[in-house]
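Structure first, then comments.
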Amino acid sequence: MALLNILNYPDKRLHKVAKPVEKVNDRIRKLVADMAETMYAAPGVGLAATQVDVHERVIVIDVSDTHEELRAFINPEIIWSSDERKIHEEGCLSVPGIYDNVERAEKVRVRALNEKGETYELDCEGLLAVCIQHEMDHLMGKVFVEYLSPLKQTRIKSKMKKLAHAM
Ligand code: NI
């Protein structure tokens with residue numbers, strides 16, 4: 001396994017739209033393993049392939065405290081979402097140090113492939129529901145700060161640029 005480099009907002013590559021995975025093979029399984037290692041090391045609860053500059057529809061998520069609930073979502077689709085919405089404070093490994101409120105569906109049902117290439121469906125609520133919607137936005141080239149006001153986005157961009165210079 002290997003640690004992958006995470007792109008930082010406002011890197012333009014974060015806005016690329018990911019393509020569907022054609023075949024779940026050893027290359028994809030290695031990508032899932034490397035993404036999981038990178039997510040745990042960060043540490044974070046979710047990572048989309050877009051964030052490591054791979055533009056294919058692959059997500060890893062583990063919202064447990066014990067690192068025992070790793071799930072790969074390959075070619076994920078939201079097949080149902082609740083009318084009820086909820087505001088949750090989000091952060092992102094591509095926007096370090098920034099946390100803000102985003103409103104999303106409270107519950108969603110996701111259909112995806114696992115790392116064996118099998119289709120599964122999962123009902124998500126709480127942090128898992130927030131996380132899957134956040135990561136699926138990444139696959140569409142959208143970063144959570146784009147839900148915030150233009151003023152906030154400008155401030156965040158300048159903060160990120162200063163941070164990049166300091167490193
Ligand atoms: Ni993120």
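Do the sum for the chain: with -39,500 (n - 2.57) for every DSSP H run of n ≥ 4, divided by all residues, what is the mean residue ellipticity at 222 nm, to the nearest 500 deg cm²/dmol? Intermediate results must be reported in sequence, preceding the final value.
On the way: 3 runs with 47 residues, N = 167.
That calculation yields -9500 deg cm²/dmol at 222 nm.
So what is log10(I(q)/I(0)) for the range 21-87 at q = 0.11, 0.12, 0.13, 0.25 1/Å, when the Debye sum runs over its Cα atoms only?
For the range 21-87, the Cα-only Debye profile gives -0.30, -0.35, -0.41, -1.10.
Work out the count of Lys pairs in the chain where the Cα-Cα distance is under 14 Å, with the pair 8 or more places apart or on different chains. Don't skip to the end; give the middle numbers.
Details: Lys12/Lys142; Lys12/Lys157; Lys12/Lys161; Lys16/Lys142; Lys23/Lys116; Lys30/Lys116; Lys86/Lys107.
Lysine pairs meeting both conditions in the chain amount to 7.
Count charges around Glu125 for me, please; just the other residues with Cβ under 12 Å from its Cβ, Lys/Arg as +1, Asp/Glu as -1. Show your work: numbers first, answer last.
On the way: positive: Lys86, Arg104, Lys107, Arg109; negative: Glu84, Glu106, Asp123.
Once all neighbours under 12 Å are counted, the net charge is +1.
In the range 76-167, if the dipole is taken from +1 on Lys/Arg beta carbons and -1 on Asp/Glu beta carbons about the Cα centre, which of Tyr99, Ile132, Ala112 is farthest to the positive end?
Checked the options; the winner is Tyr99.
Ranked highest first by average number of other Cβ atoms within 10 Å, how do 41-50, 21-30 line up? Each step should come with its number before you reach the end.
Numbers: 41-50: 20.9, 21-30: 13.0.
Highest to lowest by the protection proxy: 41-50, 21-30.
Over the chain, what is the percentage of antiparallel beta bridges among all DSSP beta bridges, to the nearest 5? Don't skip to the end; give the middle numbers.
Details: 25 of 26 bridges.
Counting DSSP beta bridges with both partners in the chain, the antiparallel share is about 95 percent.
Convex hull over the Cα atoms of the chain, averaged projected area in nm²? Let's see the in-between values first.
Numbers: hull surface 38.3 nm².
For the chain, averaging the hull's shadow over all directions gives 9.6 nm².
Just the Cα atoms of the range 78-167, one point each, no solvent: what log10 I(q)/I(0) does Debye give at q = 0.11, 0.13, 0.23 Å⁻¹?
The calculated log intensity ratios at q = 0.11, 0.13, 0.23 Å⁻¹ are -0.39, -0.52, -1.16.
Laboratory data are not the source of any read-out in this text; all were calculated from the coordinates shown. Everything numeric here is computed off the predicted structure, so don't read it as measured data. FYI the Cβ positions are ideal-geometry reconstructions off the backbone, even for glycines, and counts take in every protein chain you see.
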